[in-house]
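Read-outs: derived from the displayed coordinates by stated rules, not from any lab. In this text the structure is predicted, and so the values were computed from the model without any measurement. All Cβ positions, even for glycine, are placed from backbone atoms using ideal geometry, and neighbour counts span all protein chains on display.
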Amino acid sequence: MPQQLKRYLARITGLLCGTLLLASLPAQADRLSEQRRQYDQAQSALARGDHARFQSLKAGLSDYPLYPYLQLESLRKRLDHAPHQEIEQFLTTHGDLPAAAGLKSNWLKRLVKEQDWPRLRRHVDQDSLTAELECPLVMQMWHEGKSEQAMLRARELWTVGQSQPNVCDPLFQRWIAAGGLTEDVAWERIRLALLHRQDGLAKYLTRYLPRQSTLAERFVATASNPKLLNQFSQYQPSAGQPMEKLVDIVTVALRRLGRDDAEAALALWPHYQQLPFTDEQRLALTRDIGVRLARRYKPEALAFMAANDPQMQDDTVTEWRARLALRTGHWHSVQDLTRSMPANLQQHSRWRYWQLRSSQLANAGTGELTSEYAQLATERDFYGFLAAERSRQPYAINHQPVPIDARAAARVMDTAGIIRAREFFARGDYLDARREWYHAERLFSREELIAQASLARQMDWYFPAIRGISKAQHWDDLDIRFPLAYRQPIVEQARLRQLNSTWVYAITRQESGFMTDARSHAGAMGLMQLMPATARETARRYDIPLGNTNDVLQPERNIALGTAYLSQLYGQFQGNRVLASAAYNAGPGRVRQWTRDMPALPSDIWIETIPFDETRAYVQAVLTYGVIYGEKLGISQPVMEQHERYIE
């Protein structure tokens, strides 16, 4: 570890733990405050091109934890002409910076342009190796006489389902000129391109099959318009049509049709089911046709999935066979399926629960199976909690504070990335703080991950604490995993909206893990992950002040808006948390669609057969977390209230 970081660690540890003399504390704090100010000034000077001012400020910051970021930014601005030795030295000393990977990637591209092959080979690794770098390296391999290796790797680089970068063209041209491109290889790339819906690329590739051009063109045309398979006579085995390629054409077209219109694909299946599909092709067809039909509760998918994956080789297919059997009331089929599942599924609490539950349902609810449910009730999860209710056992909360290894904690505190993360955190730069925090954890042992999570919890940095303890696979410390964060606003807003605070806590924990600045790919924001439009409409409806979109990230405002919106959904779905929770995740329109024209169902079956995997897991987590937060808040919260046990 660089000396300046060690000195900083000693200083900060002293400030935090009180090991420095009290008289020195103001001076230390003033020094750190001055360094932060100078760091900001140095960044500004570099941004405006004032290199003299930048160098002057930088010279006084050599023991400041974020000093490497000044070096990084300086190198970024002059990467096309900076001395290689300077870049190498920076990567050697500060390669643990999360942003160093981007600098390295751009530098490696420079080495390609300069044809500095020895240096490139020394520094390229599996993390940084891309086609843009590898193609020139393989070409150089060829120049060095390693033609056999180069031919093999060139084929692998060429045979992919997307276009490769232009820098690969010289390699591919040489490989083709050397006879590497056979018609079978060209056919395989067309197949991959069509599976990736790269129809333009596939059409271009047909030029490499001059002797099979008609067949290749039919392949592209059929994949682009799978309903051509209705012309049955055109896709039957014949003397002039290679069977393996016919099967490829039919497989790709049916898979693409299955993704777009699974019922149409199933209607075509009887005309092609006798073709000699491989096991891999049958499983792919079953996922793309059978599972999609099962998610829409089509009973005919049961026979299709059973016929094409009789040995239960595919977990997704197997689970959806069981779910569809549940949804359609085939209780004996569920029993048989759960007993025959592969061990990895059979041992999961989900399918242990459904084996017991289907046995009850198959026998018209007779037989309590109390002792069998009691065994499952020792699990602290959704199915364990359901089993606890059925066996009239208390919920297995099982909180166990995690022991912290002192030496592991010291190693964590002494890690450069953790020191930098804490400084970013102190500055209020939570995004860069998380980047450093997560980057540092890559090399931590389990004991160090636990110590890191405990440190984050001491800082009231909730999400990294939750994430870290989960990566360590220590599930029993519920103080770290389920903190009572933002207790006052959550309890107050829940009371205002006449909601149980256990539910608001569960939603918030599942949505963001209490990350105040969380933003989803879809644009949802803050603790309770509100879309901007939803936040604005909720603010208007409930007269909650909202100045601009960024105000949604303010914790108290976000909780007020999120709880009001949750209350709105709760009313829309007649006080049913199961449906309202699903609506919070997937939208009320989808939930109404999933319940429209539906016969009355026990809630556990409805939840298990939610078509969206994400929403199913979400609802189960929210109901489970509600029980845990009920325990922490001293509120009796069943996994499902009595009126939530059936959905009509």
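A few points about this structure:
- The residues neighbouring S454, those whose beta-carbon lies less than 15 Å from its own, together hold a net charge of 0 under the Lys/Arg +1, Asp/Glu -1 convention.
- Those trypsin sites (Lys or Arg not before Pro) in segment 591-625 that DSSP places in a loop and that have at most 16 other beta carbons within 10 Å: R596
- Reciprocal of mean inverse Cα separation for segment 487-647 (Kirkwood radius, Å): 15.8
- Efficiency of FRET between R259 and D50 - r from beta-carbon atoms, R0 56 angstrom, step 0.05: 0.50
- Förster-model FRET efficiency, 41 Å R0, E648 and S233, C-beta, rounded to 0.05: 0.25
- Phi angles across segment 352-357 convert, under the Karplus curve 6.51 cos²θ - 1.76 cosθ + 1.60 with θ = phi - 60°, into 3J(HN,Hα) values of 5, 5, 6, 5, 5, 5 Hz, Gly and Pro given as x.
- Lys pairs, the chain - Cα-Cα below 30 angstrom, 8 or more residues apart or on other chains: 20
- Exposure proxy ranking, count of Cβ atoms within 10 Å, fewest first, for L229, L194: L229, L194
- Pairwise label distance in nanometres, R121 with L79, each label 7 Å out on the Cα-Cβ vector: 2.5
- Virtual spin-label span in nm between T378 and D315, 7 Å along Cα→Cβ: 2.3
- Ascending count of other beta-carbon atoms within 10 Å, so fewest first, for H332, H81: H81, H332
- Label-point gap, in nm, between S128 and T370 - each point 7 angstrom along Cα→Cβ: 6.7
- Cβ-Cβ distance of Q173 and S105, R₀ of 25 Å, FRET efficiency by 1/(1 + (r/R0)^6): the value works out to about 0.45.
- Calculated from the structure at hand, semi-axes √(5λ) of the Cα gyration tensor in Å is found among [x] 45, 25, 23; [y] 47, 43, 22; [z] 50, 26, 21 as [y].
- Counting other Cβ atoms within 10 Å as a rough exposure proxy, the listed residues C135, C168 run C168, C135 from fewest neighbours to most.
- Applying a DSSP loop filter and a limit of 14 other Cβ atoms within 10 Å to the GluC sites (Glu not before Pro) in segment 354-407 leaves E368.
- Under 5 Å, built H, 5+ apart or other chain: amide partners of Y646: S603
- Computed extension gain for E183 through L443, at 0.36 nm per residue and net of the alpha carbon distance, reaches 89.0 nm.
- Segment 366-416-segment 461-536 distance, computed between alpha-carbon centres (Å): 20
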